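Participant: Mind having a look at this structure? Questions to follow.
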Amino acid sequence: MSYTIKVNGKAHAVDVDADTPLLWVIRDVLGMSGTKFGCGMALCGACTVHLNGAAIRSCVTPVSAVGDQPVTTIEAIGQTDAGKKIQAAWLAVEVVQCGYCQSGQIMSASALLTSKPQPTDADIDAAMAGNICRCGTYPRIREAIKDAAGLGSPAQFEV
């Protein structure tokens, strides 16, 4: 079946089954490898993308559910204000260790800052729950989110 989905501001015609996970459309059909496969059950967050601005797990979202809602992936998140701030803070705080989960972490953090520009610790906990980092960089992730929101110790970064 043919679908037209808007990914990172560009319309793409894809010929896939209705139940094909958005993750595989992004990676295998469109060739964007920034969004990662982790668990395939929406438990780890590695596949997080934005659907109409909300963080979703693309591994369990069928392409048929996308409709005309815009999809944003890690490849384009830096074009948003929140995404720019998060990416800059991620670098300033040196969040990344192995890096595998980081695209999903950044996507969840960017969605949080878009909806709550000055999140509380509870907001951060709720937004980042389910984003697993096997390297355990959680303290640096929290620090980067607070820095991007202007709430933490001032990291030196440009937006």
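Every number here is computed from the coordinates shown, using simple stated rules; none is lab data. In this text, all values refer to a predicted model and were calculated from it rather than measured experimentally. Virtual Cβ from ideal backbone geometry, glycine too; neighbours counted across all protein chains shown.
Participant: Post the alpha-carbon centroid distance, region 90-116 to region 27-60, in whole angstrom.
Facilitator: Region 90-116 and region 27-60 have Cα centres spaced 14 Å from each other.
Participant: If you don't mind, another one. Please list, in order along region 35-50, the HN-Hα scalar couplings obtained from phi with the Karplus expression 6.51 cos²θ - 1.76 cosθ + 1.60 (θ = phi - 60°), rounded to whole Hz, x for Gly and Pro.
Facilitator: 7, 9, 8, x, 10, x, 10, 6, 9, 10, x, 4, 9, 5, 9, 9
Participant: Further, regarding this structure: Output the relative contact order of the chain, whole-number percent, from Cα pairs under 8 angstrom with separation of 6+ residues.
Facilitator: Numbers: 287 pairs, mean separation 36.1, N = 159.
Relative contact order, the chain: 23 percent.
Participant: Please list 3J(HN,Hα) in residue order for region 116-126, calculated via the Karplus relation 6.51 cos²θ - 1.76 cosθ + 1.60 where θ = phi - 60°; whole Hz, with x for glycine and proline.
Facilitator: With the stated coefficients, region 116-126 comes to 9, x, 10, x, 7, 4, 5, 4, 5, 4, 5 Hz.
Participant: Helix 102-115 versus the longest principal axis of the chain: what angle, 0 to 90°, nearest 10, using Cα atoms?
Facilitator: Orientation of helix 102-115: about 80 degrees from the principal axis.
Participant: Karplus couplings for region 138-143 from phi (6.51 cos²θ - 1.76 cosθ + 1.60, θ = phi - 60°), rounded to Hz, Gly and Pro as x?
Facilitator: Couplings: 3, x, 6, 4, 4, 4 Hz.
Participant: Okay, next question. Using amide H atoms built 1.01 Å from N in the peptide plane, name the residues 5+ places from Leu43, or on other chains, whose amide H lies under 5 Å from its own.
Facilitator: none
Participant: I've got another one for you. Once label points are set 7 Å from the Cα along Cα→Cβ at both Cys39 and Ala126, what is their separation, rounded to one decimal in nm?
Facilitator: Simple spin-label model gives 2.1 nm for this pair.
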